[in-house]
1. Might you let me know whether the range 4-14 holds any residue that is over 13 Å from Asp184 (Cα atoms), charged (D, E, K, R), modelled with pLDDT of 95 or more and open to solvent by 10 Å² or more (accessible area, probe 1.4 Å)?
2. For the range 272-309, what are the residues that are surrounded by fewer than 16 Cβ atoms within 10 Å (Cβ to Cβ) and under 28 Å from Ser415 (Cβ atoms)?
3. Name the one entry in Arg393, Arg407, Arg416, Arg402 that is at pLDDT 95 or above, open to solvent by 50 Å² or more (accessible area, probe 1.4 Å) and within 16 Å of ligand 2 (Cβ to nearest atom).
4. Name the strands (runs of 3 or more DSSP E) wholly within the range 263-335 that hold at least 1 residues that are out of contact with any Lys or Arg (no Cβ under 8 Å at 6 or more places or on another chain) and among the acidic types (Asp, Glu)?
5. Within the range 477-494, can you find the residues that are away from ligand 2 (no atom under 16 Å from the Cβ) and either at positive phi or of a type in the set (A, V, I, L, M, F, W, C) (or both)?
6. Mind checking which residues of the range 46-60 are under 15 Å from Ala12 (Cβ atoms) and in contact with a strand residue (DSSP E or B) (Cβ under 9 Å, 6 or more places away or on another chain)?
7. Among the residues of the range 488-514, write down those that are in contact with a Leu (Cβ under 7 Å, 6 or more places away or on another chain) and acidic (Asp, Glu).
8. For a quick check of your reading of the model, give me the residue pairs whose first member lies in the range 441-462 and is within 18 Å of Leu478 (Cβ to Cβ), whose second is hydroxyl-bearing (Ser, Thr, Tyr) and outside any strand (DSSP E or B), with beta-carbon atoms closer than 6 Å and at least 6 apart or on different chains.
Amino acid sequence: MGDAGFHTGNPATDFSTELLTELVRLGVRHLVVSPGSRSQALALVAAELERVGAVELHVRIDERVGGFLALGLALESGAPAVVVTTSGTAVANLHPAVMQAREARVPLIVVTADRPGELRGIRSNQTTTQPGIFGAAAEFVGDVDARGGTDASAAARSLWAAAKHGPAHLNLALRDPLSAAVPDLSLLGGELIAESSPSRATVGAKRENGTTEVLGPGPRTIVIAGDKAGERAEELARAGGWPLIAEASSGSRFGPNLVVAYRELLAAADFGGAVERAIVFGHPTLSREIPMLLSRADVEVIVVDDTSTPDYYSPARRARRAASVELDASVDPGAPEARNWVGRWVFTSRRLLAAPAHDTRATELDGAELRDNAERAAYLRGELAAAREPVTRRMLADAVWRFTWPRDRLVLGASRLIRELDGSVTGKKITVHANRGLGGIDGTVATGIGVALANPATGVTRVLLGDLTLLHDVGALLRAPGERMPPLQVIVGNDRGGTIFAGLEVAASAAPAAFERVQLTPRDVDLAALAQAYGWEHRCAATRGELDQALSAVTPEPTLIEVPLA
Ligand SMILES: Cc1ncc(C[n+]2csc(CCOP(=O)(O)OP(=O)(O)O)c2C)c(N)n1
Ligand SMILES: [Mg+2]
């Protein structure tokens, strides 16, 4: 960096200063740090960068939480987030987040402190084989010695470049003395921010130009948008006059061609059975019907994806990959045939989803239309009864969706609720995230908090998850005193265990006691006490009325909303 004034003569501190300041110059805005001795120089430089306003620092005791927090920050911002750990098992705790980042192609930079070469391979305390520990999950692995003459700025640039495609890992060997007093970086602070221009556009960039497929009106076509597909799926569906299947976290779940009841329709001979061509964006994971359709020999499958990644979504290995698609001039979404095809899907889907009576009462019955008092009283009784109805999964999904607006963020856990929501909520242009890369139930609360912290708008972030998914990530409720926390609601559908398994074949074939013991795994945790212990507000919402109240009561303290489900 050539900032000679910032040199202390201590290699650990000087390397850390140069590495982290260069990452900030490149556009890093969030650092996540866990405490440790070997990593102290990195952590202390991070604290100085926070002090001078160059970054936002997030401190987490548990590295697994830190990893997922960084993942959420990167997922929402689109720019790499950096997570720093000490040596030993601390490093392995990042593995789930690194795997998820790999599969979902989230830019994550991992910097792990290690012992130098002379202390490796001799059973020194807290020493293991850290380089390559993430295996194939890391896009880039660097193993450098802070005193070995490696240019720290160049290391930062390598990490930044690699992170555009997934997780990048720098393992840094550090020797005693493990730190010196960190120089005052305040002069650098303003300069760093002025120089850097973090931008979403730089991440996910293509390594090479792939092929563009030119599509004609052609056969009966549908567009499928899986996780992280982005808006281009909706654009293509509209421009082509084709039905759009857009999963909840696709970023394409809106527009006139959206087909919500797609699982039912794909299974029907005159809908799914009639499809001849499918254009796929993103990573579909929520249904069996989509891979079944794409495996069929009579369906042409074009997957739009970065053509330089080793693998791409290809059920039965039948899909053809294209870097992008374009429509030729003969495609006319207004042509009678196209209108008929898309219209059938959209209208049948709407009919299938026709809302249950209570859902529509309030909008259909305008107070002014009520002719007399008796009718009004009957209406109010009906409304009261509706407000007292116990919450169902469908109701919960609908309510959370209804309360979410463009400035808000929605983070969906794995398991039943995301599927319930995916199969029922109508189109709305809002930002939804889910860790669909590997569909893990781990790290969901931490990911949600990362998303909330990176949301540039001032909206509410809502995390919707199951009870086991919450209990898996209880550690993420632990906050650092004084750290900023944007408006946040963690909404847990408490059905006592992993009830998704009750819908699988195993529920019928296994002995009930064994099924409950090792699959369902219900737990008795007092969530109110849990929330209190971690300084969260707790609300129980058992009825529709209570749920609406809880979702609209956004407080400065993060809230755990517990929704008992049958
Ligand atoms: C890390 C991880 N471990 C295990 C699983 C397997 N798994 C999938 S869903 C599930 C149960 C989730 O239970 P809950 O959060 O209560 O949701 P519900 O099924 O009740 O909707 C489990 C254990 C997983 N996906 N990820
Ligand atoms: Mg459950």
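1. Keep residues of the range 4-14 that are over 13 Å from Asp184 (Cα atoms), which gives 9-12.
Still in the list and also charged (D, E, K, R): none.
Scanning the range 4-14 turns up no residue that is over 13 Å from Asp184 (Cα atoms), charged (D, E, K, R), modelled with pLDDT of 95 or more and open to solvent by 10 Å² or more (accessible area, probe 1.4 Å).
2. Once the filter is applied, which keeps residues that are surrounded by fewer than 16 Cβ atoms within 10 Å (Cβ to Cβ) and under 28 Å from Ser415 (Cβ atoms), the range 272-309 yields Arg288, Pro291, Met292, Ser295, Thr309.
3. Values: Arg393 fails: open to solvent by 50 Å² or more (accessible area, probe 1.4 Å); Arg407 fails: within 16 Å of ligand 2 (Cβ to nearest atom); Arg402 fails: within 16 Å of ligand 2 (Cβ to nearest atom).
It is Arg416.
4. Filter on the range 263-335 gives 324-327.
5. Leu477, Leu478, Ala480, Gly482, Met485, Leu488
6. Our first condition is that a residue be under 15 Å from Ala12 (Cβ atoms); within the range 46-60, this holds for 46-48.
Those that are under 15 Å from Ala12 (Cβ atoms) and in contact with a strand residue (DSSP E or B) (Cβ under 9 Å, 6 or more places away or on another chain): Ala46, Ala47.
7. Across the range 488-514, the qualifying residue is only Asp495.
8. Close Cβ pairs (under 6 Å, with a partner that is hydroxyl-bearing (Ser, Thr, Tyr) and outside any strand (DSSP E or B)) amount to Thr444/Thr469.
The values are calculated or read from the model by the stated rules, or taken from the named source; none is laboratory data. It should be emphasised that the depicted structure is a prediction, and the values quoted were computed from it without experimental measurement. Backbone-built Cβ (ideal geometry, glycine too); neighbour counts: all protein chains shown. These area figures cover heavy atoms from the full protein model, side chains too; ligands, DNA and RNA do not enter into them. Shrake-Rupley method; radii C 1.70, N 1.55, O 1.52, S 1.80 Å.
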